[in-house]
1. Please work out if THR47 is among the hydroxyl-bearing types (Ser, Thr, Tyr), under 25 Å from LYS15 (Cβ atoms) and within 13 Å of the chain's Cα centre (by Cα).
Amino acid sequence: MENKQHAEKVVQIIKEYKSRPNKDLTIAMDFLKEDFEKTKDSLLKLTNHLDKVENSYNLLLKEYQSRNQSI
């Protein structure tokens with residue numbers, strides 16, 4: 001719940017960035033930097049997982065096709 005409130009505060013800071021003090025801008029930038037790093041890490045992990053799934057599928061498909069060609 002606290003993280004959601006913090007995110008809402010950051011959204012408000014972004015909307016009103018011209019009139020907000022530097023302290024608020026720093027809070028928003030720190031939040032966005034952390035969110036960026038978490039998102040980037042998740043994407044890298046998902047990309048690696050997707051590559052492994054694709055390789056496994058292709059391996060099984062190749063075997064399946066070779067078995068069916070001989071029939």
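The numbers here are math on the coordinates, done by the rules we state, and not lab data. Since the structure is predicted, the reported quantities are computational estimates derived from the model, not experimental observations. Cβ sites come from the backbone with ideal geometry, for glycine too, and all protein chains shown count toward neighbours.
1. Details: among the hydroxyl-bearing types (Ser, Thr, Tyr): yes; under 25 Å from LYS15 (Cβ atoms): no; within 13 Å of the chain's Cα centre (by Cα): yes.
So THR47 fails the test.
Let's see how each residue does on (1) touching a residue at least 12 places away in the same chain (Cβ under 8 Å); (2) not in a helix (DSSP H, G or I):
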{"position": "GLN5", "(1), (2)": "no, no"}
{"position": "GLU8", "(1), (2)": "no, no"}
{"position": "ILE14", "(1), (2)": "yes, no"}
{"position": "SER19", "(1), (2)": "no, yes"}
{"position": "ALA28", "(1), (2)": "yes, no"}
{"position": "ASP35", "(1), (2)": "no, no"}
{"position": "LYS40", "(1), (2)": "no, no"}
{"position": "ASN48", "(1), (2)": "no, no"}
{"position": "GLU63", "(1), (2)": "no, no"}
